[in-house]
1. Within the set of pairs 6 or more residues apart or between chains, which connect a residue that is modelled with pLDDT of 85 or more inside region 169-180 to a residue that is outside any helix (DSSP H, G or I) with Cβ atoms less than 9 Å apart?
2. In region 621-634, how many are under 16 Å from F524 (Cβ atoms) and either part of a loop (DSSP other than H, G, I, E, B) or not assigned by TED's automatic domain parsing to the domain that holds V483 (or both)?
3. Within region 397-406, which residues are surrounded by fewer than 19 Cβ atoms within 10 Å (Cβ to Cβ) and not polar (S, T, N, Q)?
4. Under 6 Å between Cβ atoms, which residue pairs at least 6 apart in sequence (or on different chains) link something in region 561-579 that is closer than 12 Å to L540 by Cα with a partner that is surrounded by fewer than 17 Cβ atoms within 10 Å (Cβ to Cβ)?
5. Quick test of your reading of the structure: K445 fulfils all but one of (1) of a type outside the set (V, I, T); (2) over 13 Å from the mean Cα position of the chain (by Cα); (3) at positive phi. Name the failing condition by number.
6. Given (1) buried (at least 24 other Cβ atoms within 10 Å of the Cβ); (2) farther than 23 Å from N397 by Cα, identify the lone condition not met by V350.
7. Count, please, the residues in region 595-609 that happen to be within 28 Å of the chain's Cα centre (by Cα) and over 23 Å from R637 (Cβ atoms).
8. For region 126-160, what are the residues that are closer than 30 Å to A174 by Cβ and in contact with a Ser or Thr (Cβ under 8 Å, 6 or more places away or on another chain)?
Amino acid sequence: MSQHQPSSPPAPSGLVGGAALLLTLGGVALWLLMLSGPVQLGTGLLEARFHLDQAQKELTAGTFRPAVFDTFSARAGAAKALRGLEAAGPLMDLATLSGSVDGLLGELDHIVVGTAHATDAAGGTLDIGLNALKGPDRIIGKSPDGEGSIILIERVEDLGEVVEQVRSDVNAAADEFSKVRLANLPKRLRAPISDGIEQARASDEVLGDAEAGIELLPGILGADEPRTYMLAFQNSAELRGAGGAMLQFEFLTIDDGKPELASDKTGSIYKLDQEREPIDIPLPKDAWYVRGLSDAQRFGNSNWSPDWPLSARLAVDYGERSSQRCVPTGERSCPDFPDVDGVFALDPVVIEDLMSGIGPFRRGPYQFRTITAVHLLLNRAYQRFPIPAHRRNFLGNVVSDLFTKMFDPKAPTRLVQGMGTSLANKNMQIWMSDAEEQAFIERMKWDGGISEIESGDYFQVVEQNVGGNKLDYFASQINKMDVTIDGEDAIHSTSVGISNDVVQPQPRWVLGDSKTAHRPMLNFYVPPGAELMTARAGRLCPVPLDRSCNGRIDTPPGLATWSGAIPPTHRERGKKVWSATLQIPPRERGSFSVDYRSPDVLEQRGDRTVYRLMVQRQAKFHPEELLIKLRLPAEARKIQAPGFKKEGSTLTYERPLKTDTVVEVSWRS
């Protein structure tokens, strides 16, 4: 079994990316800058450059205490440089007698003014880091009624003003550096200046996202009217398209910034899914899984689509209908299903990601820490609480503990970083009912949706656990893609292998219906015009099923039933889907392989040919391993292949698939 590794944090936000422009100042002919004003100018630029470089590293890492010193030192250096420029003195005039030096010095005003704006941007970023999540002005405070915490809407709005000013300073710095005439600089300074401007423009995009989000945030937090969100907890030991079997749900209400869990009305999905009976509702055309499987036509099993917006809407529709038809029996009451403003999907890895921010906590016999959280939730809980009602009660209490601590975190910055990791890796996915809010979620790529592609190639493999067990906790997966460029097309030979590494004994609720045999339904998502050549998934296991058979099974009927050597074809969100279900005995490996052609996947950018491949991931406990081997045309030259290694005539890309990934290779012919 592959060992689970915590997902790496997402790329730095870039809020102070514009400040990196100061790194371009290295090597400016300081030997010319002598005495009073010139000395202040030269030393000021050097001090600003050094300290702002340090501050950017510290702010990105969330270490704010040393960033305070370096940010203020950088600002002092920039101020010194400005004073030096204003009091340049006679030696500066003498230096301008040389034409080349005069050209260089003529650019200093733009460099110094740009430096001042960049240090102001860093100061604003420091203000956000120091005051947004901790200190007396933090956005989370004690509720006026003395019970719990509240998100202070006024502070959120103040934060928006700071972000707006930081963005203004970053753009002002970029504008000043854009005025620098590169021809007047030494050659070794020209590329860094250009790179720095590009970094500032990228920072502007990030800050634009932040502004848009903060503008929407008060409404999301119930500033205008109370908001209600459903939290859907998915068990990634039993995979579904959206991440895992949905076994618990809660309603979170936020009224003017005050959050409250309605845990008395929620908990196990079986409060609504009485007798697991299917419910007849209108289904969208892309809901082919649910349409073809009666057991998926209910609230708690409706998340088969890997497109979270689709699965979330289905869950809401089934939840509303289930509540309407629910019949109270004995001690079992029927929970109301309110109008929800959004649905958040979470799996146990989210708790692992947030643990460094909220701090360890104890629930029952277990201490929850970063290294133990997932193991306790996905495996140990089934051993310790074999009675389902006891286990569900324990898991519900863990959820309540988690949200209580989230609003009073031990390390707020780490909490935010952990949440960013969960969103980037799809362990947390969001759907909002408001169109404008959902558009922002999609803009940030937090929606867990199947991506649209206007050009290039695409691949995603989605597993559905159809064995009624929790064996995905023990499984490992590798995706091997051999891609050969043929004219404008890509010829694929793709194989997905899964190992069943279950160890025995295991509780019966872990082994489920298929006992120790793992039964993953694998679904290959490819471009709509992809042409199947051949497919292989092992021998067809005879009926009645022998759990020792390693091969293909035609389960669920219709969804994964082959016609001879041809897998069934489905369509979803503009993608073609080929399906096969494997049966894999313990300590063995199974695979599903297809050879196919993706037509017209190349594009021209100037004199370069570009192959672009998007590989989306399904949220899993054990990240998939991705291995791509790419063969270019024999005439390809001047190859650019970031992330690839060259092995003879083959380019190789290999790494864990922890987030949606785009690889791009270009060449000249």
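The values are calculated or read from the model by the stated rules, or taken from the named source; none is laboratory data. As the structure is a prediction and not an experimental result, all values here were calculated from the model. Glycine gets a Cβ as well: all are built from the backbone with ideal geometry, and neighbour counts include every protein chain shown.
1. Pairs found: K179/E107.
2. Summing the residues that are under 16 Å from F524 (Cβ atoms) and either part of a loop (DSSP other than H, G, I, E, B) or not assigned by TED's automatic domain parsing to the domain that holds V483 (or both) in region 621-634 gives 0.
3. Matches in region 397-406: D401, F403, M406.
4. From region 561-579, the pairs are T561/D554.
5. Unmet for K445, out of (1) of a type outside the set (V, I, T); (2) over 13 Å from the mean Cα position of the chain (by Cα); (3) at positive phi: (2).
6. Answer for V350: the failing condition is (2).
7. 1
8. Selection gives L126, G129, L133.
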